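K.L.:
Pasting a structure below so you can have a look.
The values are calculated or read from the model by the stated rules, or taken from the named source; none is laboratory data. The structure presented is a predicted model; accordingly, all values stated were derived computationally and were not measured. When we count neighbours, we look across all protein chains shown, and the Cβ atoms used for this are built from the backbone with ideal geometry, even at glycine. The protein model used for the area step is the full one, side chains on, heavy atoms only, and it has no ligands, DNA or RNA in it. Shrake-Rupley method; radii C 1.70, N 1.55, O 1.52, S 1.80 Å.
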Amino acid sequence: MPAAYEQYLVPVVFRPFAEDLATRAAALRPRLILELAAGTGVLTTGLLEAAPSAEVTATDLNEAMVAFGSAQAPGAVWRQADAQQLPFPDGGFDLVVCQFGVMFFPARIEAFTEIHRVLAPGGRFLFNTWGPLGTHAFEVALQAGLERAFPADPPRFFPTVPHGYADPAVVAADLAAAGFAVEDEQELTLQGRAASTADLATG
Ligand SMILES: C[S@@+](CC[C@H](N)C(=O)[O-])C[C@H]1O[C@@H](n2cnc3c(N)ncnc32)[C@H](O)[C@@H]1O
């Protein structure tokens, strides 16, 4: 799965946003970065390049992602970790970053509370989450295909999970419940390019 994710999904869906997030992270001049839900390491590689003097600890819940990511981005320290129960002491990082991960945390306020705990005073949490399904051309087509294939009971994963945490007011309320103040929030649309339609469909 990680190899297929890396080949078919990262270039078109994840890399453009990783480049954006790595640039934003580097502008904060962090020294000790914790990355959550790092997957195959596309953002990790971006962080190592954009902030070469920072120490990057990259984590993911999934052992197979950690194994694959640590080979892709060996300049980071890799460790398996659930964002809702971080195996790190209080205040050890000055930046926590997470690309397209928070939607998958079943208990987001718990995860945000853990992130707040491992940040040093004045530390920042920088992350992105997808907008509503209708803003994402490829997944609109995918969901339409699922609804044609399974008209009686179409899978609802795309609208409810990856695209189910898209209301900035809800996100801000969860962050506030965990002790964060929202400093900045932006809507961003980026274009990705797949090698072929078949590659994207495979992904
Ligand atoms: C859409 S992928 C994003 C991966 C990577 N950040 C990227 O941009 O390619 C979501 C990742 O979240 C991870 N994940 C899901 N639940 C998690 C949890 N509770 N704690 C940490 N990681 C989690 C998954 O294993 C997966 O690698």
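K.L.:
Could you please report the charge total around PHE104, scoring K, R as +1 and D, E as -1 over all other residues with beta-carbon less than 13 angstrom from its beta-carbon?
P.N.:
-1
K.L.:
Now for a different question. Could you work out how far the C-alpha centroid of the stretch 36-104 sits from that of the stretch 1-24, in angstrom?
P.N.:
14 Å
K.L.:
Let me ask something else about it. Zone of ALA141 (label point 7 Å along Cα→Cβ, backbone N under 17 Å): which residues in the stretch 6-35?
P.N.:
8-14
K.L.:
What net charge do the residues around GLY41 carry, taking every other residue with its C-beta under 10 Å from that of GLY41, with Lys and Arg at +1 and Asp and Glu at -1?
P.N.:
Taking every other residue near GLY41 into account, the sum is -3.
K.L.:
Excluding ligands, DNA and RNA, what is the solvent-accessible area per residue of the chain at a probe of 1.4 Å, expressed in Å²?
P.N.:
Value for the chain: 52 Å² per residue.
K.L.:
So how tilted is helix 15-27 from the main axis of the chain? Cα-based, degrees 0 to 90, rounded to 10.
P.N.:
That works out to roughly 20 degrees.
K.L.:
To the nearest 0.05, how large is the calculated FRET efficiency for SER53 and GLU183 if R₀ is 30 Å and r is the Cβ-Cβ distance?
P.N.:
The pair SER53/GLU183 has a calculated efficiency of 0.80.
K.L.:
If you don't mind, there's one more thing I want to ask. Test of understanding: in a Gaussian network model of the chain with alpha carbons linked when under 10 Å, which of ALA83, ALA152, ALA71 would top the mean-square fluctuation ranking?
P.N.:
ALA152
K.L.:
From zero up to wherever the largest Cα-Cα distance of the stretch 2-129 sits, split into 5 Å bins and tell me the percent of pairs in each.
P.N.:
2, 12, 24, 26, 22, 11, 3, 0
K.L.:
By the scheme Lys and Arg +1, Asp and Glu -1, what is the net charge of all other residues having a beta-carbon under 12 Å from that of ALA73?
P.N.:
The answer is -4.
K.L.:
Now for a separate question. For the chain, which whole-number percentage of the solvent-accessible area (1.4 Å probe, protein heavy atoms only) is attributable to carbon and sulfur atoms?
P.N.:
Heavy-atom surface of the chain belonging to carbon and sulfur, 1.4 Å probe: 56 percent.
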